[in-house]
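One structure is given below, encoded as structure tokens.
The values are calculated or read from the model by the stated rules, or taken from the named source; none is laboratory data. All figures in this text were calculated on a predicted structure; none of them were measured in a lab. A quick note on method: Cβ atoms are made from the backbone with ideal geometry, for glycine too, and the neighbour counts reach across all protein chains shown. Quick note on the areas: whole protein, heavy atoms, side chains included, nothing else; ligands and nucleic acids left out. Shrake-Rupley method; radii C 1.70, N 1.55, O 1.52, S 1.80 Å.
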Amino acid sequence: MATVWHSLETAVPFSDRQLQRISQTGELRNLNLQLAHFLASEFSYLLASDTFAHGKLANPPHPMSVFLDSFQEIQNPMYASKYPPAQGAVLAVGQLLGHPWIGVLFSVAAMTVAITWMLQGWFPAPWALFGAIVVLARFDLFSYWTNSYFGGAIAAAGAALVLGAFPRIIHHQRPADSLLMGIGAALLANSRPVEGFLFCIPVAVALMTWLFSRKSPAAVVTGRRILLPVLAVLTLTLLFMGYYNWRVTKSPFLFPESLALRRYENLPLLAWAPQSPPLHQSNPQFEEFFNRRLRSRYPPTWDSWKHRWSQWGRAWWRFFLGGALSIPFITLPWVVRDRHMRLPLIQFCLSAAGLLAVIVFEIHYSAPISAALLVLMVQAMRHLRQWNVFGRPLGVGLSRVVVLAVLAGIPLFAVETAMTPSEGKPWNVTRAHMIKQLEATPDSHLVIVRYTPQHIIDNEWVYNSADIDHSKVVWAREIPGRDLNPLLAYFKNRTVWLLEADTSPPRLQPYPGR
């Protein structure tokens, strides 16, 4: 386990040059805050991976949790990741196979297959192939969905199964398609539950409308064939989610992320809701991040909302479409009038409205939307292909430009990636090197991290594996004014080190008096 956990530490999603490019293109704004959030999210997902890989849904609370607490985690009533379990489960499969990133690759491959299958249900095969190429170029090869532990592949795959099953159910009434729709909804519920719920509402309404509009005696039989599989899967999903919530939060109705929001952030979910008073945090790093930085970043004002969404909207557009894939949407008026596109249009608009309403947004939050967006984009390309201007087939030329631009983007991104240095953020690389050196010794170690008041919150060192007491290296934080003797007594059989994290370079030395 120690070797696997060390490999988790060294996997850094962005190099310095990549971060600079991302910032310039608008994919990530307020980069320091985003990077702190992203790395903390990745460590949290890796905690879930390590927990699941050891056959547990959550870990017992640690007696020294106040010193071991870190961002995006829950310490009580159980020690666990705050995030839904789907991504952690995929990473756990990868961890059991040798490295969590293997699980990421599996999830991206599953997303590509699911989206291709979805498009085959809506369009002829050549157009489905075009959509699959777009997915390969935009999401699979070079995006952070592949090169990190917190991408949107699982949710996108779930949305594709839901949307791809719908036309097949309408045309063929096969229980297998209903079963796949239920599996897609289950993936959404356990990856992006709120966004997934909004995405599924139009499908449920459309499906029930279609069933109740059938007047023949066979309609009852058809309804059973269609509804029973999806309802069976959804029932099992709800039971599992309740059980998972109970194991982590001790309540089947309280999600881990909701518990973390109450205990740490105490921010409103909706953009227009007033802020609640800040909560007292257990250490200065939490005070800085949760009570000052987050609150200054997300004030509940109309101007702040407009500013955030002007940035996030541009970042979303660049990630999913960019210039070339925006060209087909000049035919948007025809797409809107196309009755076959009503369902994906409604899904896109409802999901977008839900994202606009919340106070925090990241690109992967909109992963379910990608399924509806791809259906709309392919249909827009089909309209573009037929577009004539003054009797000239201008659309044929434009559609070829779009295809060539998508294909040309693959080698361009490949060259850029090959020329990009692979080193991660210096503090994280240093941390990984320290872990490697300490694990090479016969002893077990406790590293107490000392931060200065000028500490950069992004550079968080205190992350631990699932089984803390049996870890070769345990990380804890020094809290000003709090007695460390209980921590030292608990880990009395370990070699104790003091890490001065904010020196240059960070300095690791034996703990004074030990």
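Screening the range 358-380 for residues that are open to solvent by 20 Å² or more (accessible area, probe 1.4 Å) and not in a loop (DSSP other than H, G, I, E, B) and picking the one that is nearest to Gly158 (Cα to Cα) gives Tyr365. Within the range 474-488, residues that are open to solvent by 10 Å² or more (accessible area, probe 1.4 Å) have Cβ atoms under 6 Å from residues that are β-branched (Val, Ile, Thr) in these pairs: Glu478/Ile448, counting only partners at least 6 apart in sequence or on another chain.
Residue-wise test of (1) touching an Asp or Glu at 6+ places or on another chain (Cβ under 9 Å); (2) more than 18 Å from Pro344 (Cα to Cα); (3) open to solvent by 40 Å² or more (accessible area, probe 1.4 Å).
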{"site": "Ala160", "(1), (2), (3)": "no, no, no"}
{"site": "Ile169", "(1), (2), (3)": "yes, no, no"}
{"site": "Leu179", "(1), (2), (3)": "no, yes, yes"}
{"site": "Gly184", "(1), (2), (3)": "no, no, no"}
{"site": "Gly223", "(1), (2), (3)": "no, yes, no"}
{"site": "Ile226", "(1), (2), (3)": "yes, yes, no"}
{"site": "Phe240", "(1), (2), (3)": "no, yes, yes"}
{"site": "Thr249", "(1), (2), (3)": "no, yes, no"}
{"site": "Pro252", "(1), (2), (3)": "no, yes, yes"}
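Checked across the range 91-100, the condition of being part of a helix (DSSP H, G or I), farther than 14 Å from Gly184 by Cα and touching a Pro at 6+ places or on another chain (Cβ under 6 Å) holds for at least one residue. Residue count for the range 505-514, restricted to those that are part of a loop (DSSP other than H, G, I, E, B) and polar (S, T, N, Q): 0. Just so you know, in the range 386-406 the residues that are part of a helix (DSSP H, G or I) and open to solvent by 70 Å² or more (accessible area, probe 1.4 Å) include one that is farthest from Ala137 (Cα to Cα), and it is Leu394.
Listed by position, the helices (runs of 4 or more DSSP H) inside the range 289-355 whose residues that are under 22 Å from Ile133 (Cα atoms) number at least 3 are 302-320, 322-326. Being assigned to a helix (DSSP H, G or I), modelled with pLDDT of 95 or more and surrounded by 24 or more Cβ atoms within 10 Å (Cβ to Cβ) is true of Ala165.
For the range 58-90, filtered to residues that are among the hydroxyl-bearing types (Ser, Thr, Tyr) and outside any helix (DSSP H, G or I), the residue that is farthest from Phe255 (Cα to Cα) is Ser70.
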